[in-house]
Amino acid sequence: MPTNALADVTASDSTLRRFLHGLPGVDAVGLEARAASLGTRSIKTTSKAYAIDLAISMIDLTTLEGADTPGKVRALAAKAVHPDPTDRTTPRTAAVCVYPDMVATAKAGLAGTDVKVASVATAFPAGRAALDVKLADTRDAVAAGADEIDMVIDRGAFLAGHYLKVYDEIRAVKEAAGPARLKVIFETGELSTYDNIRRASWLGMIAGADFIKTSTGKVGVNATPANTLLMLEAVRDFRAQTGVQIGVKPAGGIRTTKDALKFLVLVNETVGEDWLDNHWFRFGASSLLNDLLMQRQKLATGRYSGPDYVTVD
């Protein structure tokens, strides 16, 4: 059930709509200006080394392609555990994220480590399936060993204003996920407005999301500093109102160390140290890890190794 402080807002479609549309409107110019301003912060060398290791530890190392094979997933799992085989001080990634049919393979590859297995479910990425199919997808992934479920919301229902339908679906997936942590993906690039992203954030949190996530990585606009800043403000305000802490996961389009450090500055300046941990903040990424490893090697040796010195995903 929703947290007690907001229990009455889900009593009906109309009360939920009234609550979501009563949230303060987003000042788009101000939001983008603040995100851009925070992105210009310089980071000293010692802090940069710490931030790079932190970013590595926050990655959900992801492969979500139709051509995924067991061999590719095993290689990804090995990379998650030892991102740089030449330097065993390199942190492990937070998780490996795969389709449900690859969960057992990933789980076997990560056995004996603390790296989580995350699985997309609920007819990812479009979410166009009946609820019973989505719930079966979720249960299959958890039964195979998934520690975390990344679900997509029904954007069509959300955009049509059927908020209670979206809420009920998140609740049902949360129940089907059992002990697995639930990340709720909004596909911010399809929500059109910042006001909709704020409403989706609150809707997901009220429904029981453990994380709110920007994107699938499968559309043109994915994670941006501005939409991630907006979601960070939402989790900050939600905790202030309810006492419940929710994680944030930007995903898609974050490819360089410079990008990742900008997002970490956003986290530090908006929600603070409580979220600077991979239990509460993740990057959904595939190519980001290689750039972080190259920058890490440069800091350690003074030389830029180049892409030939890291494994290719």
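Across segment 227-232, in residue order, what do the Karplus-derived ³J(HN,Hα) couplings come to in whole Hz, using 6.51 cos²θ - 1.76 cosθ + 1.60 with θ = phi - 60° and x for Gly and Pro?
6, 6, 4, 4, 5, 5
Within 10 Å, count the other beta carbons around each residue, average over each peptide in 82-90, 193-201, 145-153, and list them highest first.
On the way: 82-90: 14.7, 193-201: 21.2, 145-153: 24.9.
Answer by packing, highest mean first, reads 145-153, 193-201, 82-90.
Relative contact order for the chain: what percent, with Cα pairs under 8 Å and sequence separation of 6 or more?
Details: 559 pairs, mean separation 59.8, N = 313.
Across the chain, relative contact order equals 19 percent.
Taking H placed 1.01 Å from N in the peptide plane, check which residues at least 5 places from VAL98 or on another chain put their amide H under 5 Å from its amide H.
Amide H to amide H, under 5 Å and 5 or more residues apart or across chains, VAL98 pairs with ALA118, SER119, VAL120.
Let me have the 222 nm mean residue ellipticity of the chain computed from DSSP H runs of 4+ only, each contributing -39500 (n - 2.57), with the sum over all residues rounded to the nearest 500.
Working: 12 runs with 145 residues, N = 313.
Result for the chain, helices only: -14500 deg cm²/dmol.
Which order, highest average first, do 15-27, 112-124, 52-64 follow once you tally other Cβ atoms within 10 Å for each residue and take the mean per peptide? Walk me through the numbers before you get to the answer.
On the way: 15-27: 14.4, 112-124: 21.4, 52-64: 23.0.
My ranking of the peptides, most packed first, is 52-64, 112-124, 15-27.
Putting +1 on Lys and Arg Cβ atoms and -1 on Asp and Glu Cβ atoms, find which of ALA36, SER57, THR93 reaches farthest to the positive end of the dipole of segment 28-309.
ALA36
With θ set to phi - 60°, apply the Karplus curve 6.51 cos²θ - 1.76 cosθ + 1.60 along segment 97-103 and write out the HN-Hα couplings as whole Hz, x wherever there is a Gly or Pro.
10, 9, 5, x, 6, 9, 4
Which distance in Å, rounded to a whole number, links the C-alpha centroids of segment 35-108 and segment 178-224?
What the calculation gives is 21 Å, centre to centre.
Suppose we keep just the DSSP beta bridges with both residues in the chain; what percent of those would be antiparallel, to 5?
0 percent
Nearest 10 degrees, 0 to 90: what angle lies between the long axis of helix 70-81 and the longest principal axis of the chain (Cα atoms)?
Helix 70-81 and the main axis of the chain meet at about 80 degrees.
At a threshold of 8 angstrom on Cα-Cα distance, excluding pairs fewer than six apart, so keeping six or more, what relative contact order does segment 1-107 reach in percent? Let's see the in-between values first.
Values: 72 pairs, mean separation 24.4, N = 107.
This gives 23 percent for segment 1-107.
Gain in length, THR40 to THR69, computed as 0.36 nm per residue apart minus the alpha-carbon separation, to one decimal in nm? Please list the in-between numbers first.
Numbers: separation 29, 0.36 × 29 = 10.44 nm, distance 4.02 nm.
Gain on extension, THR40 to THR69, equals 6.4 nm.
Longer than 18 Å from Cα to Cα, which of LYS183/LYS249; LYS48/LYS298; LYS48/LYS258; LYS116/LYS249; LYS79/LYS262; LYS183/LYS213 are they? Say none if no pair is.
Working: LYS183/LYS249 8 Å; LYS48/LYS298 12 Å; LYS48/LYS258 10 Å; LYS116/LYS249 15 Å; LYS79/LYS262 24 Å; LYS183/LYS213 6 Å.
Correct reply: LYS79/LYS262.
FYI, it's all coordinate maths here, none of it is from the lab. Quick caveat: nothing in here was measured; it's all calculated off a predicted structure. A quick note on method: Cβ atoms are made from the backbone with ideal geometry, for glycine too, and the neighbour counts reach across all protein chains shown.
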